[in-house]
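J.: Below you will find the structure I want to go over with you.
Read-outs throughout are calculated quantities, based only on the coordinates presented, and are distinct from any laboratory measurement. Computed from a predicted structure; not experimentally measured. Cβ placement follows ideal geometry from the backbone for every residue including glycine, while neighbour counts extend to all protein chains displayed.
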């Protein structure tokens, strides 16, 4: 009998009452959940703000084939609660040697690269993000702020944790200019198409 596929959806949103309640990121989570359930996946979820157990999160990562991080971009990164989550969960995965057993380098073989010691090969990681920044600010050397950098460049501090443990990194999906953008509904509707394309379904 074929093993059922599983996906983990992680919601990093941090509520600031009367300012940001998390509705948009929750909508993207629901879109992903509907998409994967229609494909026969079992969907595991973590909403960091609601609390979690680091060891249980390690087990979720071990069970699933795909991890998707849904995040607002606050001051050019995920909310601070996500960094806490990463430190606790990945430290647990390191301590138990379930995620990795070292950084990949050995004294016996100098060709082994730093970051090649992960145990989670054949798993995939993707970021879906909501931004105040406009799309034209990225990949554009004329924009002084990002100086031609892409969203993938700015997310390197997040995706590297997963690559370090063996994951393949999928192209990210972004909803830009959320306070002035009139395309939010369109971005939500196009999200399943992005998932279909990057996962080769």
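J.: For n ≥ 4 DSSP H runs only, could you compute -39500 (n - 2.57) per run for the chain, divide by its residues and tell me the 222 nm figure to the nearest 500? Please list the in-between numbers first.
T.: Values: 6 runs with 70 residues, N = 201.
After summing the helix terms and dividing by residue count, I get -10500 deg cm²/dmol.
J.: Treating the range 37-97 as a set of equal point scatterers at the Cα positions, no solvent, please give the Debye-formula log₁₀ I(q)/I(0) at q = 0.16, 0.24, 0.30 Å⁻¹.
T.: One equal scatterer on each Cα of the range 37-97 leads to -0.59, -1.11, -1.35.
J.: Mind checking the angle between helix 54-63 and the chain's longest principal axis? C-alpha axes, 0 to 90 degrees, to the nearest 10.
T.: Taking the Cα atoms of the chain, the angle to 54-63 is about 90 degrees.
J.: Give, in nm to one decimal, the length gained when the segment between residue 111 and residue 201 is fully stretched (0.36 nm per residue of separation minus the Cα-Cα distance). Each step should come with its number before you reach the end.
T.: Details: separation 90, 0.36 × 90 = 32.40 nm, distance 3.56 nm.
Using 0.36 nm per residue and subtracting the Cα-Cα distance, I get 28.8 nm.
J.: Still on this model: From the P(r) of the range 104-167, could you give the percentage of C-alpha pairs in the tail past 13 Å? Walk me through the numbers on the way to the answer.
T.: Working: 1426 of 2016 pairs.
For the range 104-167, the share of Cα pairs beyond 13 Å comes to 71 percent.
J.: Another one. Against the empirical 2.2 N^0.38 Å scaling, what ratio does the C-alpha Rg of the chain come to? Show your work: numbers first, answer last.
T.: Values: Rg = 17.5 Å, N = 201, 2.2 N^0.38 = 16.5 Å.
My calculation over the Cα atoms of the chain gives 1.06.
J.: Plugging the Kirkwood radius over Cα pairs into Stokes-Einstein for the range 92-141, at a temperature of 37 °C and a viscosity of 0.692 mPa s, what D comes out in µm²/s? The partial results should precede the final answer.
T.: Values: Rh = 14.3 Å.
Translational diffusion coefficient: 230 µm²/s.
J.: Applying a 10 Å radius around every beta-carbon, put 17-30, 162-175 in order of their mean neighbour count, most first.
T.: Most protected by this proxy first, the peptides run 162-175, 17-30.
J.: Right, something else. Using the per-residue mean of other Cβ atoms lying within 10 Å as a proxy for protection, in what order, highest first, do the peptides 32-39, 178-185 fall? Display every interim value, and only then the final one.
T.: Working: 32-39: 16.1, 178-185: 11.8.
In decreasing order of mean packing, 32-39, 178-185 become 32-39, 178-185.
J.: Going by alpha carbons, how many degrees (0 to 90, nearest 10) lie between the helix axis of 23-38 and the longest principal axis of the chain?
T.: Approximately 60 degrees, to the nearest 10.
J.: Express the C-alpha Rg of the range 88-199 as a ratio against the empirical globular expectation 2.2 N^0.38 Å, rounded to two decimals. Present the calculation step by step, with values, prior to reporting the outcome.
T.: Working: Rg = 17.6 Å, N = 112, 2.2 N^0.38 = 13.2 Å.
For the range 88-199, the normalised Cα radius of gyration comes out at 1.33.
J.: Relative to the longest principal axis of the chain, what angle (0 to 90°, nearest 10) does the C-alpha long axis of helix 80-95 take?
T.: 10
J.: Sorting check: for 56-69, 139-152, which peptide has the highest mean count of neighbouring beta carbons within 10 Å, and how do the rest follow?
T.: Working: 56-69: 19.3, 139-152: 12.9.
Ranked by mean Cβ neighbours within 10 Å, highest first: 56-69, 139-152.
J.: So for the range 6-198: antiparallel DSSP bridges make up what percent, rounded to the nearest 5?
T.: Restricted to the range 6-198, the bridges split so that about 10 percent are antiparallel.
J.: What nm value, rounded to one decimal, do you get for the distance between residue 147 and residue 84 when each label is placed 7 Å out toward the C-beta?
T.: 3.3
J.: Sequence gap at least 6, Cα distance under 8 Å: using those rules, report the relative contact order of the chain to the nearest whole percent.
T.: Values: 329 pairs, mean separation 40.5, N = 201.
Taking the mean separation of contacting Cα pairs over the length of the chain, I get 20 percent.
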